[in-house]
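The numbers here are math on the coordinates, done by the rules we state, and not lab data. This is a predicted model, so every value here is computed, not measured. All Cβ positions, glycine included, derive from the backbone under ideal geometry; neighbour counts span all protein chains shown.
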Amino acid sequence: MCPPRRSPLRHAAIVLLAALSACSVTMHLGTPPPIDKLGALRPGVSTTADIAAALGAPQGQGGVLMPGNPAETLWVYESQEIEGTSVHVRMLLVIVDPATGRYLGHLWLRSGQLLTQKQ
């Protein structure tokens, strides 16, 4: 029985993947959240204009609803850095009272993951 033939395209893809894995390519998506400027914000006092002045325009907006609390608005700031097989995500969620437009607080998240190939 003859061994299965490998297509030239498949061989080229394998060589390309091997070459790329040897390189340390870094990609940046988004702008890292400016967490060093959070000290300028005061819960219940700072307005959306103050938030924008301190942190810049949000990259997205959303909402949150927790049991027993009124709905709140979220301003989202996030970035991702991909270096080789590592992915680092940084996310800042700024909580705003939609009725008053006042800053209520924030959540700061970051993670690092190692990408693996599923067999």
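Approximating the spin labels as points 7 Å out from Cα along Cα→Cβ, the H28-to-R42 distance works out to 3.3 nm.
Test of understanding: ordering D97, D36 by Cβ neighbours within 10 Å, fewest first, what list do you get?
Fewest-to-most Cβ neighbours within 10 Å comes out as D36, D97.
Taking amide hydrogens as placed 1.01 Å from N in the peptide plane, the amide H of H106 sits under 5 Å from those of I95, each at least 5 positions away in sequence or on another chain. When H106, H88 are sorted by how many other C-beta atoms sit within 10 angstrom of their C-beta, beginning with the fewest, the order is H88, H106.
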